[in-house]
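Following: one structure in C-alpha coordinates, then a few remarks.
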Amino acid sequence: MEIIIALAVVGLLVLFFVAQYNRLIRLNISVDESFAQIEVQLKRRSDLIPNLVETVKGYAAHEQGTFDAVVTARAKATTASTVADVAAADGMLTQALRGLLAVAEAYPDLKASSNFLSLQEELSTTENKVAFSRQFYNDNVRNLNTAVKTIPTSFFAGFAKVTEREFYEVTDPQDRNVPKVTF
(Lines give C-alpha, C1' and ligand atoms only; values in the text may rest on other atoms or scores of the structure.)
Protein backbone atom coordinates (compact mmCIF):
# COMPACT_ATOMS: atom_id res chain seq x y z
CA MET A 1 0.00 0.00 0.00
CA GLU A 2 2.84 2.40 0.86
CA ILE A 3 4.53 1.65 -2.47
CA ILE A 4 1.34 2.55 -4.34
CA ILE A 5 1.09 5.87 -2.49
CA ALA A 6 4.78 6.59 -3.13
CA LEU A 7 4.39 5.77 -6.83
CA ALA A 8 1.28 7.94 -7.04
CA VAL A 9 3.13 10.87 -5.44
CA VAL A 10 6.11 10.40 -7.76
CA GLY A 11 3.73 10.14 -10.73
CA LEU A 12 1.98 13.38 -9.73
CA LEU A 13 5.33 15.14 -9.31
CA VAL A 14 6.43 13.98 -12.76
CA LEU A 15 3.16 15.18 -14.29
CA PHE A 16 3.54 18.54 -12.52
CA PHE A 17 7.14 18.86 -13.76
CA VAL A 18 6.13 18.02 -17.33
CA ALA A 19 3.22 20.50 -17.21
CA GLN A 20 5.45 23.35 -15.97
CA TYR A 21 8.20 22.54 -18.47
CA ASN A 22 5.72 22.43 -21.36
CA ARG A 23 4.13 25.70 -20.26
CA LEU A 24 7.49 27.47 -20.39
CA ILE A 25 8.29 26.00 -23.79
CA ARG A 26 4.88 27.07 -25.17
CA LEU A 27 5.34 30.61 -23.84
CA ASN A 28 8.84 30.80 -25.34
CA ILE A 29 7.56 29.63 -28.72
CA SER A 30 4.74 32.20 -28.55
CA VAL A 31 7.29 34.98 -28.07
CA ASP A 32 9.33 33.74 -31.05
CA GLU A 33 6.22 33.50 -33.19
CA SER A 34 4.99 36.97 -32.27
CA PHE A 35 8.41 38.49 -33.04
CA ALA A 36 8.28 36.78 -36.42
CA GLN A 37 4.92 38.47 -37.02
CA ILE A 38 6.48 41.87 -36.33
CA GLU A 39 9.14 41.06 -38.90
CA VAL A 40 6.48 39.97 -41.42
CA GLN A 41 4.66 43.29 -41.06
CA LEU A 42 7.88 45.29 -41.22
CA LYS A 43 8.84 43.38 -44.38
CA ARG A 44 5.44 44.20 -45.85
CA ARG A 45 6.00 47.87 -45.06
CA SER A 46 9.51 47.68 -46.46
CA ASP A 47 8.19 46.19 -49.70
CA LEU A 48 5.80 49.15 -50.11
CA ILE A 49 8.55 51.71 -49.82
CA PRO A 50 10.17 51.41 -53.29
CA ASN A 51 6.78 51.97 -54.95
CA LEU A 52 6.04 54.89 -52.67
CA VAL A 53 9.45 56.46 -53.29
CA GLU A 54 9.13 56.05 -57.06
CA THR A 55 5.66 57.58 -57.05
CA VAL A 56 6.81 60.60 -55.04
CA LYS A 57 10.02 60.85 -57.11
CA GLY A 58 7.96 61.33 -60.22
CA TYR A 59 6.52 64.51 -58.76
CA ALA A 60 9.39 65.75 -56.59
CA ALA A 61 12.63 64.62 -58.19
CA HIS A 62 14.68 67.35 -56.48
CA GLU A 63 14.06 65.88 -52.97
CA GLN A 64 17.01 63.46 -53.24
CA GLY A 65 18.05 63.82 -49.58
CA THR A 66 14.64 62.60 -48.44
CA PHE A 67 14.72 59.66 -50.85
CA ASP A 68 18.23 58.71 -49.71
CA ALA A 69 17.14 58.78 -46.05
CA VAL A 70 14.24 56.43 -46.81
CA VAL A 71 16.44 54.03 -48.79
CA THR A 72 19.11 53.99 -46.06
CA ALA A 73 16.53 53.40 -43.33
CA ARG A 74 14.90 50.63 -45.36
CA ALA A 75 18.28 48.92 -45.81
CA LYS A 76 18.95 49.00 -42.06
CA ALA A 77 15.45 47.71 -41.33
CA THR A 78 15.90 44.72 -43.62
CA THR A 79 19.18 43.66 -41.99
CA ALA A 80 18.28 44.08 -38.30
CA SER A 81 17.84 40.84 -36.35
CA THR A 82 17.72 41.41 -32.59
CA VAL A 83 14.70 42.93 -30.88
CA ALA A 84 16.60 46.12 -30.03
CA ASP A 85 18.05 46.45 -33.55
CA VAL A 86 14.69 45.83 -35.19
CA ALA A 87 13.03 48.39 -32.92
CA ALA A 88 15.73 50.99 -33.66
CA ALA A 89 15.58 50.37 -37.41
CA ASP A 90 11.79 50.46 -37.28
CA GLY A 91 11.92 53.88 -35.60
CA MET A 92 14.44 55.18 -38.12
CA LEU A 93 12.32 53.99 -41.04
CA THR A 94 9.18 55.50 -39.55
CA GLN A 95 10.98 58.87 -39.27
CA ALA A 96 12.21 58.63 -42.87
CA LEU A 97 8.71 57.81 -44.09
CA ARG A 98 7.36 60.83 -42.24
CA GLY A 99 9.86 62.97 -44.14
CA LEU A 100 8.82 61.41 -47.44
CA LEU A 101 5.14 61.93 -46.74
CA ALA A 102 5.84 65.51 -45.67
CA VAL A 103 7.45 66.11 -49.07
CA ALA A 104 4.30 64.76 -50.71
CA GLU A 105 2.25 67.44 -48.91
CA ALA A 106 3.82 70.09 -51.14
CA TYR A 107 2.60 68.48 -54.37
CA PRO A 108 -1.18 68.67 -54.98
CA ASP A 109 -0.94 66.54 -58.13
CA LEU A 110 0.79 63.81 -56.18
CA LYS A 111 -1.84 63.91 -53.43
CA ALA A 112 -4.51 63.42 -56.10
CA SER A 113 -2.71 60.49 -57.78
CA SER A 114 -4.70 57.28 -57.46
CA ASN A 115 -1.48 55.26 -57.28
CA PHE A 116 -0.19 57.40 -54.41
CA LEU A 117 -3.53 57.26 -52.61
CA SER A 118 -3.56 53.49 -52.91
CA LEU A 119 -0.01 53.21 -51.57
CA GLN A 120 -0.85 55.62 -48.77
CA GLU A 121 -3.86 53.51 -47.74
CA GLU A 122 -1.82 50.32 -47.85
CA LEU A 123 0.93 51.93 -45.76
CA SER A 124 -1.61 53.12 -43.20
CA THR A 125 -3.11 49.62 -42.94
CA THR A 126 0.36 48.11 -42.58
CA GLU A 127 1.30 50.60 -39.85
CA ASN A 128 -1.78 49.47 -37.92
CA LYS A 129 -0.73 45.84 -38.34
CA VAL A 130 2.79 46.68 -37.15
CA ALA A 131 1.37 48.34 -34.04
CA PHE A 132 -0.84 45.32 -33.34
CA SER A 133 2.09 42.94 -33.85
CA ARG A 134 4.25 44.94 -31.44
CA GLN A 135 1.52 44.80 -28.79
CA PHE A 136 0.98 41.07 -29.32
CA TYR A 137 4.72 40.45 -28.96
CA ASN A 138 4.94 42.49 -25.77
CA ASP A 139 1.92 40.66 -24.34
CA ASN A 140 3.66 37.34 -24.99
CA VAL A 141 6.92 38.62 -23.49
CA ARG A 142 5.05 39.77 -20.40
CA ASN A 143 3.45 36.32 -20.00
CA LEU A 144 6.79 34.56 -20.44
CA ASN A 145 8.68 36.91 -18.12
CA THR A 146 5.98 36.53 -15.48
CA ALA A 147 6.23 32.75 -15.68
CA VAL A 148 10.04 32.84 -15.51
CA LYS A 149 9.97 35.03 -12.39
CA THR A 150 7.10 33.45 -10.46
CA ILE A 151 6.85 30.27 -8.44
CA PRO A 152 6.55 27.41 -9.35
CA THR A 153 7.58 27.86 -12.99
CA SER A 154 10.70 29.81 -11.99
CA PHE A 155 12.12 26.54 -10.65
CA PHE A 156 11.85 24.97 -14.10
CA ALA A 157 13.05 27.88 -16.25
CA GLY A 158 16.72 26.89 -16.09
CA PHE A 159 15.98 23.28 -16.91
CA ALA A 160 13.83 24.35 -19.88
CA LYS A 161 16.57 26.81 -20.93
CA VAL A 162 14.02 29.61 -20.99
CA THR A 163 15.03 33.09 -19.87
CA GLU A 164 13.39 36.48 -19.68
CA ARG A 165 12.94 38.18 -23.02
CA GLU A 166 13.32 41.78 -24.07
CA PHE A 167 10.25 43.95 -24.71
CA TYR A 168 9.86 45.68 -28.06
CA GLU A 169 10.35 49.31 -27.15
CA VAL A 170 10.16 52.27 -29.48
CA THR A 171 13.02 54.60 -28.61
CA ASP A 172 11.73 57.91 -29.98
CA PRO A 173 8.58 59.23 -28.23
CA GLN A 174 7.27 60.39 -31.63
CA ASP A 175 7.51 56.81 -32.87
CA ARG A 176 5.02 55.74 -30.23
CA ASN A 177 2.27 57.01 -32.49
CA VAL A 178 1.19 55.51 -35.79
CA PRO A 179 2.24 57.97 -38.47
CA LYS A 180 -0.64 60.08 -39.71
CA VAL A 181 -0.65 59.82 -43.49
CA THR A 182 -3.53 62.07 -44.47
CA PHE A 183 -3.40 64.18 -47.58
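How would you classify segment 51-141 from its alpha-carbon gyration tensor, with a ≥ b ≥ c the square roots of the eigenvalues: rounded for a/c under 1.5, else prolate if a/b is greater than b/c, otherwise oblate? Display every interim value, and only then the final one.
On the way: a/c = 3.13, a/b = 1.68, b/c = 1.87.
Oblate is the answer for segment 51-141, as a/c is 1.5 or above yet b/c matches or exceeds a/b.
In sequence order, what are the phi-derived ³J(HN,Hα) couplings for segment 87-93 according to the Karplus relation 6.51 cos²θ - 1.76 cosθ + 1.60 with θ = phi - 60°, rounded to whole Hz, with x for glycine and proline?
Here the 3J(HN,Hα) series is 5, 5, 5, 4, x, 5, 5 Hz.
In a GNM of the chain with a 10 Å cut-off on Cα contacts, which of GLU63, GLU169, GLU39 has the highest mean-square fluctuation?
Ranking GLU63, GLU169, GLU39 by mean-square fluctuation puts GLU63 first.
Classify segment 87-179 from the C-alpha gyration tensor, please: rounded if a/c falls under 1.5, else prolate or oblate depending on whether a/b exceeds b/c.
prolate
Classify segment 1-57 as rounded, prolate or oblate, taking a ≥ b ≥ c as the square roots of the eigenvalues of its Cα gyration tensor: rounded when a/c is under 1.5, otherwise prolate if a/b is larger than b/c and oblate if not.
Judged from the Cα gyration tensor, segment 1-57 comes out prolate (a/c at least 1.5, a/b above b/c).
Could you run the Karplus curve 6.51 cos²θ - 1.76 cosθ + 1.60 with θ = phi - 60° over segment 41-50 and give me ³J(HN,Hα) per residue in whole Hz, x for Gly and Pro?
5, 5, 5, 4, 5, 4, 5, 6, 4, x
For the chain, what size does the Cα cloud have along each of its three principal axes, sorted from largest down, in whole Å?
88, 25, 23
Apply the Karplus parameterisation 6.51 cos²θ - 1.76 cosθ + 1.60, with θ equal to phi minus 60°, to every residue of segment 142-152 and state each ³J(HN,Hα) to the nearest whole Hz, in sequence, with x for glycine and proline.
With coefficients 6.51, -1.76 and 1.60, one gets 4, 4, 5, 4, 5, 5, 5, 9, 9, 7, x Hz.
Just how large is the dipole of the chain about the Cα centre, in debye to the nearest 20, putting +1 at every Lys and Arg Cβ and -1 at every Asp and Glu Cβ?
Values: 18 positive and 21 negative charges, 68 e Å.
It works out to roughly 320 debye.
Residues of the chain: accessible area per residue at 1.4 Å, in Å²? It would help to have the intermediate numbers written out before the result.
Numbers: 10430 Å² over 183 residues.
Value for the chain: 57 Å² per residue.
Got a number for carbon plus sulfur as a percent of segment 1-52's accessible area, 1.4 Å probe?
Details: 2380 of 3380 Å².
For segment 1-52, the apolar C and S fraction of the accessible surface comes to 71 percent.
When the accessible area of segment 76-122 is split by element with a 1.4 Å probe, what percent falls to carbon and sulfur?
Ligands and nucleic acids excluded, carbon and sulfur give 55 percent.
Using Cα positions and a limit of under 18 Å, work out the lysines in reach of LYS76, with same-chain residues fewer than 8 apart set aside.
List returned: LYS43.
How big is the dipole moment of segment 1-86 about its Cα centre under a simple scheme where the beta carbon of each Lys and Arg is +1, that of each Asp and Glu is -1, and everything else is neutral? Debye, nearest 20, please. Don't skip to the end; give the middle numbers.
Details: 8 positive and 9 negative charges, 22 e Å.
Charge dipole, segment 1-86, about its Cα centre: 100 debye, nearest 20.
Based on DSSP H runs of at least 4 residues, each adding -39500 (n - 2.57), what is the mean residue ellipticity at 222 nm of the chain after dividing by all its residues, to the nearest 500 deg cm²/dmol? Could you put the intermediate results ahead of the total?
Values: 6 runs with 145 residues, N = 183.
After summing the helix terms and dividing by the residues of the chain, the value is -28000 deg cm²/dmol.
The values are calculated or read from the model by the stated rules, or taken from the named source; none is laboratory data. Remember, predicted model here, so these are calculated numbers, not experimental data. Every residue, glycine as well, gets a Cβ built from its backbone with ideal geometry; the counts of neighbours run over all protein chains shown. Quick note on the areas: whole protein, heavy atoms, side chains included, nothing else; ligands and nucleic acids left out. Shrake-Rupley method; radii C 1.70, N 1.55, O 1.52, S 1.80 Å.
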